[in-house]
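No value in this document is a laboratory result; all are computed from the given coordinates. All figures in this text were calculated on a predicted structure; none of them were measured in a lab. No Cβ is skipped: glycine too gets one built from the backbone with ideal geometry, and neighbour counts run over all protein chains shown.
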Amino acid sequence: MGMVDWIRKKRDGQELTTAEIEQLVAGYTEGRIPDYQVSAWAMAVYFQGMSARETADLTMAIVKSGAQVDLSAIHGKKVDKHSTGGVGDTTTLVLGPLVAACGVPVSKLSGRGLGHTGGTIDKLEAIPGFSTEMGNADFSKRVNEISIALAGQSKDLTPADKQLYALRDVTATVDSIPLIASSIMSKKIASGADSIVLDVKYGQGAFMKNEEDAVQLAQAMVAIGDQVGRETVALISNMNQPLGQAIGNALEVQEAIDTLRGRGPQDLTELCLALGAHMVSLAKDIPATEARQQLQAKLTDGTALEKFRQFVVSQGGDAAVIDDATVLPQAPYRIPVIAEQAGYISSLQAEEVGLCAMQLGAGRETKESVIDLSVGVLLHKKVGDAVEMGEEVATLYANEQSKAEQVRARLLQAISISSEMVEPPALIHSVITKDGIQYLA
Ligand code: URA
Ligand code: CA
């Protein structure tokens, strides 16, 4: 049997065997199977889906297509977190030190990437001196010493994913749950995670637009983890409005520090505690409620902030940033965005707010874009908050006045104010484990 038979099988709704999936992925990455045949197979998958076993096999075949990070020198169970992406998602900057403060090893590989703001590495580079360049031995040593290190992702992980994703992008086959699930999980597994906590976002500013699709994606990823021996837990969280108040690189570093000090925005703090509780629960094999109490205590007694200080120093950064935000790159212009009527914020369109930050220069549109770490959007109100006419609802941090004027008009369009009271939206919709789904909202 060959590729034509595998396409036909999938077209007719049958399952491919483990060996067939391995041969398909290996044949594709080694250039023996052409794009047009893999396109046809991907389209067949789009319509017919894949069984849980096939999805797990595809994931592991993608993992085996490239290098795998060896974290065996690090003591303890390594739990990784992945977010499917949102606007102003500052969680990694908070969760790393917070979870490490509980003694759980945090060996984080992050990226830069495209988006409304930079990736975690870009954000951390707003701290003068901060470096994510280190060898594997040095990386493991730091995690063993202070429970946390953060480095750039190696480029040679999961080459099959890069190739498949590029093909899916031009063949209208991105939106397939088994293909998305295997793509995401393969990268986490190749990065050396023993267990995985997923933040699957839904809503206007997320990849998945509604709860049902987010739940399905999460269930597919949890099932993969279960099949391949990497316990996985997923939270489904709301991304109709940005998370926290800050959308921008230096602004988010400041927001993370505030949150580690116990004075962060309520939604960001809540999501970090919820995700962190599952990370610590998986690492220490304790109930999530007990893990959450530990995390809360680390926020309250200053240990989490102290861990952030250690982390910054360990990676060459200027720890003065913790007590003095002016150490961070400062935008020359601060432009207030003023409410034109009184009432209650009824929507803050996440995607548009993200695009405003990007237009100010906070993110990358193409790989070549240069980020301005100082710029972004700071929201003073969130959905459900009361607002007076003439009150400042947001501040734009900009490097050019004319650009800020354009963005100000755009941001105002993204904010809706209602004369009636608005209930703040629930942040966490549900938690999905291998045992099922628990609804929280
Ligand atoms: N993100 C990924 O990493 N892979 C997908 O297929 C879709 C979103
Ligand atoms: Ca934020």
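Evaluating kT/(6 pi eta Rh) at 10 °C and 1.306 mPa s, with the Kirkwood radius of segment 325-423 over Cα pairs in the Stokes-Einstein relation, gives 114 µm² s⁻¹. In terms of surrounding Cβ atoms within a 10 Å radius of their Cβ, S418, S140, S237 rank from fewest to most as S418, S140, S237. Ranking A331, L355, G85 by how far each Cα lies toward the positive end of the dipole of the chain (charges on Cβ) leaves G85 at the top. Once C-alpha pairs closer than 8 Å and six or more residues apart are averaged by separation and normalised to the residue number of the chain, the relative contact order reads 19 percent.
Loop-located trypsin sites (Lys or Arg not before Pro) across segment 99-164 with a Cβ neighbour count of 11 or fewer within 10 Å are K155, with loop assigned by DSSP. Rg over Rh for segment 200-248 works out to 1.09, using Cα positions for both radii and the Kirkwood form for Rh. With neighbours defined as other Cβ atoms within 10 Å of a residue's Cβ, the residues H116, H278 order from fewest to most as H278, H116. Averaging 1/r over every pair of different alpha carbons in the chain and inverting the result gives a Kirkwood radius of 22.6 Å.
Think of each Lys and Arg Cβ as +1 and each Asp and Glu Cβ as -1; about the Cα centre, that makes the dipole of segment 251-378 roughly 320 debye.
Size of segment 1-61: Rg and Dmax of its alpha carbons, in Å, are 10.3, 27. Normalised by residue count, segment 219-369 yields a Cα convex hull volume of 197 Å³ per residue. Averaging 1/r across all pairs of distinct Cα atoms in segment 72-145 and inverting the result yields a Kirkwood radius of 13.5 Å. Annotation: amide H-H contacts under 5 Å for Q153 (H modelled 1.01 Å from N, sequence separation of 5 or more, or interchain): S110.
For the chain, a crude dipole built from +1 on the beta carbon of Lys and Arg and -1 on the beta carbon of Asp and Glu, taken about the Cα centre, is about 800 debye to the nearest 20. Of the residues A277, N399, G49, the one whose Cα sits farthest towards the positive end of the charge dipole of the chain is G49 (charges of +1 on Lys and Arg Cβ, -1 on Asp and Glu Cβ, taken about the Cα centre).
Using the Stokes-Einstein relation with a Kirkwood hydrodynamic radius computed over Cα pairs, the translational diffusion coefficient of segment 127-234 at 37 °C and a viscosity of 0.692 mPa s comes to 207 µm²/s.
Sparse packing (at most 11 other Cβ atoms within 10 Å of the Cβ) combined with a DSSP loop state is found for none of the chymotrypsin sites (Phe, Trp or Tyr not before Pro) in segment 293-391. Fraction of C-alpha pairs exceeding 23 angstrom in segment 1-160: 53 percent, rounded to a whole number. Distance between the pseudo-spin-label points of Y165 and H380 (7 Å out from Cα toward the beta carbon): 3.9 nm. What residues have an amide H closer than 5 Å to that of S430, excluding those fewer than 5 places away on the same chain, when H is modeled at 1.01 Å from N in the peptide plane? Distant-sequence amide H within range of S430: I236, L440. Here's the picture: charge each Lys and Arg Cβ at +1 and each Asp and Glu Cβ at -1 in the chain, and of V377, Q23, A151 the one pushed furthest to the positive end of that dipole is Q23.
With viscosity set to 1.567 mPa s and temperature to 4 °C, compute the Stokes-Einstein D of segment 284-334, Rh being the Kirkwood radius across alpha carbon pairs; µm²/s, no decimals. The estimated diffusion coefficient comes to 98 µm²/s.
The stretch between A320 and A426, if pulled fully straight at 0.36 nm per residue, gains 34.6 nm over its current Cα-Cα span. Distance between the 7 Å Cα→Cβ label points at K155 and F47: 3.9 nm. Applying the criteria of a DSSP loop state and at most 12 other Cβ atoms within 10 Å to the trypsin sites (Lys or Arg not before Pro) of segment 163-256 yields no site. The charge dipole of segment 1-130, taken about its Cα centre with unit charges on the Cβ atoms of Lys, Arg (+1), Asp and Glu (-1) only, comes to about 220 debye. Each of S65, S402 has some number of other Cβ atoms within 10 Å of its Cβ, and from fewest to most they run S402, S65.
Filter the cross-link list K188/K298; K64/K162; K81/K298; K307/K381; K81/K162 down to pairs whose alpha-carbon distance in this structure exceeds 22 Å. From K188/K298; K64/K162; K81/K298; K307/K381; K81/K162, over 22 Å: K188/K298; K307/K381. Residue-normalised convex hull volume from the C-alpha trace of segment 93-133: 85 Å³ per residue.
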